[in-house]
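Inspection log for the structure reproduced underneath, given as structure tokens.
The values are calculated or read from the model by the stated rules, or taken from the named source; none is laboratory data. Computed from a predicted structure; not experimentally measured. Cβ: placed from backbone, ideal geometry, glycine included. Neighbour counts: every protein chain shown.
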Amino acid sequence: MDAGAVESLLRSLEDHGVRYVVVGGMALNLHGLARFTQDIDLFVEPTAGNVERLKAALDAVYHDPNLAEISAEDLLGDYPAVQYIPPEGTFHVDLLTRLGEAFSFQDLAFERIPFGALRVSVATPLTLYRMKRGTVRPQDWADAAALKRQFHLDEE
């Protein structure tokens, strides 16, 4: 994934005051665990104002008129996830406000860690481990095992 493109996106989120937490494979990378990924997974605070700031941040980077189609109702409704594919680039952005009943934005412990010249909000290793250990995807099991090893997580 293009680190410059990711940094531009994260800088815009910071500049627009978006309340977000990076999760998924990119979060593992930010914690120093090498993991190939073609997307960035962002949990966003589920408020209408935050979703509007998110759209403004995305527009500042991608200048995409299709962003108008993302609504607060999309991210606050029964299926609280949107996959945004920028008009140009090699990755996509998964936007979430909750994962079923298991995780909501308020459930995520996060920390501010450096990425280039920025400090960004990233789920803690323990939170990532909890998110990944019980899924049905083998990649998530491998991620959970790597997190457990690297960060000496004893929780079962």
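Can you name the residue in the stretch 116-132 that is in contact with a Lys or Arg (Cβ under 9 Å, 6 or more places away or on another chain) and surrounded by fewer than 16 Cβ atoms within 10 Å (Cβ to Cβ) and, of all such residues, is nearest to Lys148 (Cα to Cα)?
Arg119
Being in a helix (DSSP H, G or I) and over 17 Å from the mean Cα position of the chain (by Cα) is the filter here, so list the residues in the stretch 98-138 that pass it. First the steps, then the outcome.
Let us first name the residues in the stretch 98-138 that are in a helix (DSSP H, G or I), namely 105-107, 125-132, 138.
Across the stretch 98-138, the qualifying residue is only Pro138.
Considering only the stretch 34-55, state which residues are of a type in the set (Val, Ile, Thr) and either without any contact (Cβ under 8 Å) to a residue 24 or more places away in the chain or not in a helix (DSSP H, G or I) (or both).
Going through the stretch 34-55, the residues of a type in the set (Val, Ile, Thr) turn out to be 37, 40, 44, 47, 51.
Answer for the stretch 34-55, where residues must be of a type in the set (Val, Ile, Thr) and either without any contact (Cβ under 8 Å) to a residue 24 or more places away in the chain or not in a helix (DSSP H, G or I) (or both): Thr37, Ile40, Val44, Thr47.
Quick check on my filter: what residues within the stretch 1-33 are part of a loop (DSSP other than H, G, I, E, B), touching a residue at least 40 places away in the same chain (Cβ under 8 Å) and more than 18 Å from Thr90 (Cβ to Cβ)?
Keep residues of the stretch 1-33 that are part of a loop (DSSP other than H, G, I, E, B), which gives 1-2, 16-19, 31-33.
Checking which are touching a residue at least 40 places away in the same chain (Cβ under 8 Å) leaves us with 1-2, 16, 19, 31-33.
Correct list: His16, Arg19, His31, Gly32, Leu33.
Restricting the search to the stretch 39-98, which residues are surrounded by 15 or more Cβ atoms within 10 Å (Cβ to Cβ), of a type in the set (Phe, Trp, Tyr) and over 17 Å from Glu14 (Cα atoms)?
Tyr84, Phe91
Among residues belonging to the stretch 104-115 that are in contact (Cβ under 8 Å) with a residue 24 or more places away in the chain, touching a Lys or Arg at 6+ places or on another chain (Cβ under 8 Å) and of a type outside the set (Ser, Thr, Tyr), point out the one that is farthest from Leu42 (Cα to Cα). First the steps, then the outcome.
Step one: of the stretch 104-115, the residues in contact (Cβ under 8 Å) with a residue 24 or more places away in the chain are 104-105, 108, 110, 113, 115.
Adding the requirement that they be touching a Lys or Arg at 6+ places or on another chain (Cβ under 8 Å) leaves 104-105, 113.
Adding the requirement that they be of a type outside the set (Ser, Thr, Tyr) leaves 105, 113.
Numbers: Phe105: 10, Ile113: 15 Å.
In this case the residue turns out to be Ile113.
Within the stretch 133-156, can you find the residues that are surrounded by fewer than 10 Cβ atoms within 10 Å (Cβ to Cβ) and not β-branched (Val, Ile, Thr)?
Filtering the stretch 133-156 down to residues surrounded by fewer than 10 Cβ atoms within 10 Å (Cβ to Cβ) leaves 136-138, 152, 154-156.
Correct list: Arg137, Pro138, His152, Asp154, Glu155, Glu156.
Given the condition assigned to a helix (DSSP H, G or I) and either modelled with pLDDT under 95 or on the phi < 0 side of the Ramachandran plot (or both), answer yes or no: does some residue in the stretch 79-97 qualify? Outline the logic, then answer.
Start the filter on the stretch 79-97 by keeping residues that are assigned to a helix (DSSP H, G or I), which leaves none.
Checked against the condition, which is being assigned to a helix (DSSP H, G or I) and either modelled with pLDDT under 95 or on the phi < 0 side of the Ramachandran plot (or both), the stretch 79-97 yields no hits at all.
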